[in-house]
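The values are calculated or read from the model by the stated rules, or taken from the named source; none is laboratory data. Remember, predicted model here, so these are calculated numbers, not experimental data. Cβ: placed from backbone, ideal geometry, glycine included. Neighbour counts: every protein chain shown.
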Amino acid sequence: MNAPETHPPTPPRRRNPWWRNWFSLAGLVIALGSLFSFLLLFILDSFAHFNNPYIGVLTYLVAPGFLILGLALAVAGALWRRYRLRTVGAVPPLSIDLARPRDRRILGYFIAGSALFLLLSAVGSYKTYQFTESVSFCGQTCHAVMQPEYTAYENGPHARVACADCHIGPGASWFVRSKLSGTYQVYATLFDKYPRPIPTPVANLRPAQATCEQCHWPEAFIGNLDRTFYYFLSDRTNTPYTIRMVLKVGGGNPSGGPVSGIHWHMSIENKIEYIATDKQRQVIPWVRLINRDTGRVTVFRTPDFTNDISHYTIRTMDCIDCHNRPAHKFISPNSAVNLALELNQIDRSLPFVKSNAVYVLTRPYKTTVEATEGIATVLSNAYPASDGLRKTIFAVQTIYEHNFFPEMKTKWNVHPDNIGHMISAGCTRCHDGNHKSVKTGRTIRAKDCNSCHIILAQGRGAELKQFNAAGEVFKHPGGELDPSMACTDCHDGTF
Ligand code: HEC
Ligand code: HEC
Ligand code: HEC
Ligand code: HEC
Ligand code: HEC
Ligand code: HEC
């Protein structure tokens, strides 16, 4: 007699499912809640036409964080419960038998659930990765901290280049490094532990070869650049003065022109190393020039620097030693007011408006709001009932908002620009006539004003129509110049 085919007996349903404890229940509620929020935010973020950085933070950082926390809590609760039951001997031995329909069903659920979870976490982590690299995460989320850099970046020539292209660059190891220091930065922001201003040079900024040179290669031949500088003196009539000059940028690729000019420092055959004795790399008493072709080495020192160089770090010069503010230039009040006057955003007919505008910009304010009010009050008192008052106030307030960040203690002289030599040392950190070759006594060239640029025309009106291709001698708008003085001995960005 044939017994009917039977399935193995299903064990009695346990009365104590693993999740029946407060920890696991709470964990499951948190996990489900954050899963729903994630899905909802994800849909919102994918279809919304606005770009709100906080949605990104919630969707790709906060929601997944809570999902993982919830699941971890649920598992911890289950383990704890199992441990407790086992100590009273109430746990039946675990047995899985795929011949049992219930076990097959559970396996099916398990596989489907895992597949869904893996898919979601793949999409989620890709999106999280993308998000933490995005300009809105770097620049806008930590609003107060990054506001100065973000504002200057938006108004600069690299406004369409992602922060990560210069601050991280390609490759896995820098990615991991940046995420590690980034994690610390998120912590510092949340707990208000960040320094004000954010110090430069950025300690572990990646060498320019891997960032700038992805887009601008060093040998590229740039040739001469034609630059016009507009000035207005601090007198009653705000006398205009214009300088038009050719900058000999040159290049390092002979197929585009002779290897020469300012970018000669970057040509492949030269290597320039230096020692800076301050953190901001503004004081450079020692420079070493190595010609890679001939192997010739020339060391230049200032006379007072006789220290043993083994106590210092030697840095190899790259793009950032000159272009240190390519994306975050904080413009000096003098230059910003000059430009606004040239564009007639500030009314030029107001007497002494140049010096008054610079004056109000440089008062000590605690907040931007206080500054905006202060600017309006001082200018209204100086020029009551004049036609150009409103546009002048607006222009000066805009200059303040774009270049002064009292909450972060950030402004032009906190982060000096190394291009040029008028209001910060810049090129004259080395080209000051004081750096002598130890062997030959030759100095790094300095006093020849025509070696880096030539002045085509200067002055105002008809004077600007006369070009001098050989270069004019600089006529200083501030009177006779003492050749032994550096421009920075007087000029500091406030006149
Ligand atoms: C074109 C390249 C470039 C881009 C794009 C860029 N930076 Fe920078 N950033 C620099 C350089 C170069 C420095 C200065 C490094 C130094 O002096 O050591 C700097 C410095 C900084 C500093 C230090 C403080 C300071 O003002 O020097 C912060 C903060 C910063 N950047 C944030 C950002 C953020 C946020 C973005 C995107 C919104 C961004 N950067 C985009 C090149 C870039
Ligand atoms: C992802 C590409 C990219 C990277 C990386 C990049 N730049 Fe640029 N850079 C640009 C573009 C695009 C422009 C604008 C070109 C133009 O206006 O003709 C520009 C413009 C410039 C200019 C001319 C600015 C001006 O005032 O007109 C300088 C100088 C410069 N970059 C230096 C740097 C330096 C230094 C770095 C590295 C810290 C760097 N760039 C990194 C793409 C890049
Ligand atoms: C010795 C200082 C110095 C070094 C080093 C240097 N530059 Fe320049 N560069 C200049 C000066 C000065 C200009 C003239 C334009 C200006 O005043 O902004 C210039 C111009 C440029 C321009 C053209 C800007 C324009 O308006 O068209 C680019 C792009 C540029 N540099 C990129 C680089 C890159 C990339 C590197 C590194 C490989 C580099 N520079 C290294 C000083 C330097
Ligand atoms: C770290 C030091 C250092 C800095 C900063 C520096 N230079 Fe130089 N520069 C040198 C040295 C060294 C030489 C070679 C001097 C020599 O052989 O007489 C040189 C040579 C030059 C030359 C001559 C190139 C040729 O054709 O022979 C020019 C032009 C020049 N620099 C422009 C600049 C400009 C512009 C700046 C600022 C944006 C600048 N340098 C910043 C160290 C520096
Ligand atoms: C080592 C190269 C070098 C030498 C030498 C040099 N300059 Fe310059 N100069 C520059 C650079 C670079 C700039 C900045 C251009 C820019 O901002 O784009 C500049 C800018 C200027 C400006 C415009 C300043 C501003 O920022 O508004 C004047 C004026 C000027 N130089 C005058 C002189 C005079 C006068 C001498 C001689 C005593 C001299 N320079 C020597 C490199 C040099
Ligand atoms: C002894 C102090 C002193 C030195 C050194 C000096 N200047 Fe001046 N400079 C002045 C004074 C004062 C004015 C007039 C300011 C005014 O009326 O607004 C002036 C005006 C200027 C202006 C017009 C500025 C503006 O925004 O109205 C330029 C450009 C200038 N100087 C360039 C230079 C350069 C480049 C050097 C270095 C080669 C230099 N100066 C060295 C004192 C000096």
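Do we find a residue being part of a loop (DSSP other than H, G, I, E, B), under 30 Å from ASN356 (Cβ atoms), more than 15 Å from ligand 5 (Cβ to nearest atom) and assigned by TED's automatic domain parsing to the domain that holds GLU472 anywhere in segment 239-252?
Yes, segment 239-252 has at least one match.
For every residue, the table says whether it meets (1) within 19 Å of ASN434 (Cα to Cα); (2) of a type in the set (A, V, I, L, M, F, W, C); (3) in contact (Cβ under 8 Å) with a residue 60 or more places away in the chain.
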site	(1), (2), (3)
GLU269	no, no, no
THR277	yes, no, no
GLN282	yes, no, yes
TRP286	yes, yes, no
LEU289	yes, yes, no
ASP293	no, no, no
VAL299	yes, yes, yes
THR302	yes, no, yes
TYR312	no, no, no
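Pairs needed: first member in segment 214-225, aromatic (Phe, Trp, Tyr); second member anywhere, away from ligand 5 (no atom under 16 Å from the Cβ); C-beta distance under 8 Å; at least 6 residues apart or different chains.
Pairs found: PHE221/GLY252; PHE221/ASN253; PHE221/SER255; PHE221/GLY256; PHE221/GLY257.
Of the residues ALA470, ALA462, ALA457, which is away from ligand 6 (no atom under 12 Å from the Cβ), in a helix (DSSP H, G or I) and of a type in the set (Gly, Ala, Ser)?
Testing whether each residue is away from ligand 6 (no atom under 12 Å from the Cβ), in a helix (DSSP H, G or I) and of a type in the set (Gly, Ala, Ser) leaves just ALA462.
Tell me, please, whether a residue that is among the acidic types (Asp, Glu), touching a residue at least 12 places away in the same chain (Cβ under 8 Å), within 16 Å of ligand 1 (Cβ to nearest atom) and under 28 Å from TYR231 (Cβ atoms) can be found in segment 319-331.
For segment 319-331, residues among the acidic types (Asp, Glu), touching a residue at least 12 places away in the same chain (Cβ under 8 Å), within 16 Å of ligand 1 (Cβ to nearest atom) and under 28 Å from TYR231 (Cβ atoms): present.
Do the conditions hold for LYS391, that is, is it over 24 Å from LEU289 (Cβ atoms) and basic (Lys, Arg)?
Here the answer is yes, as LYS391 does meet what is asked.
Among the residues of segment 357-365, is there at least one that is surrounded by fewer than 21 Cβ atoms within 10 Å (Cβ to Cβ), in a helix (DSSP H, G or I) and not β-branched (Val, Ile, Thr)?
yes
Could you list, in sequence order, all residues of segment 383-421 that are in contact (Cβ under 8 Å) with a residue 12 or more places away in the chain and within 16 Å of ligand 5 (Cβ to nearest atom)?
ASN403, TRP412, ASN413, HIS415, PRO416, ASP417, ASN418, ILE419, HIS421
Here are some conditions: (1) without any contact (Cβ under 8 Å) to a residue 40 or more places away in the chain; (2) not small (Gly, Ala, Ser); (3) not assigned by TED's automatic domain parsing to the domain that holds SER260. THR228 meets all but one. Which one does it not meet?
Here THR228 meets the rest and fails (3).
Considering each residue of segment 5-51, count those that are modelled with pLDDT of 65 or more and closer than 19 Å to GLY124 by Cα, and give that number.
Final tally of qualifying residues: 19.
Conditions: (1) hydroxyl-bearing (Ser, Thr, Tyr); (2) more than 25 Å from TYR150 (Cα to Cα); (3) in contact with an Asp or Glu (Cβ under 7 Å, 6 or more places away or on another chain). THR368 meets all but one. Number of the miss?
(2)
State all residues of segment 433-451 that are surrounded by 14 or more Cβ atoms within 10 Å (Cβ to Cβ), in a loop (DSSP other than H, G, I, E, B) and at pLDDT 90 or above; if no residue qualifies, say none.
GLY433, ASN434, HIS435, ILE444
Is there any pair with a first residue in segment 422-434 that is closer than 16 Å to ASN450 by Cβ and a second that is within 16 Å of ligand 1 (Cβ to nearest atom) whose Cβ atoms are under 7 Å apart and which are 6 or more apart or on different chains, and what are they?
Partner pairs satisfying both residue conditions: CYS427/GLY420.
Just to check your reading of the model, which residue among ILE419, ILE423, ILE393, ILE399 is within 16 Å of ligand 2 (Cβ to nearest atom), of a type in the set (A, V, I, L, M, F, W, C) and either at negative phi or in contact with a strand residue (DSSP E or B) (Cβ under 9 Å, 6 or more places away or on another chain) (or both)?
So the residue among ILE419, ILE423, ILE393, ILE399 that is within 16 Å of ligand 2 (Cβ to nearest atom), of a type in the set (A, V, I, L, M, F, W, C) and either at negative phi or in contact with a strand residue (DSSP E or B) (Cβ under 9 Å, 6 or more places away or on another chain) (or both) is ILE419.
Does THR298 count as more than 16 Å from ligand 2 (Cβ to nearest atom), outside any strand (DSSP E or B) and modelled with pLDDT of 90 or more?
It is false that THR298 is more than 16 Å from ligand 2 (Cβ to nearest atom), outside any strand (DSSP E or B) and modelled with pLDDT of 90 or more.
Take segment 437-491 and flag every residue that is within 16 Å of ligand 4 (Cβ to nearest atom) and on the phi > 0 side of the Ramachandran plot.
Correct list: GLY441, GLY471.
Do you know which residues across segment 240-267 are touching a helix residue (DSSP H, G or I) at 6+ places or on another chain (Cβ under 9 Å) and in contact (Cβ under 8 Å) with a residue 40 or more places away in the chain?
Correct list: PRO240, THR242, ARG244, LEU247, LYS248, ILE262, HIS265, MET266.
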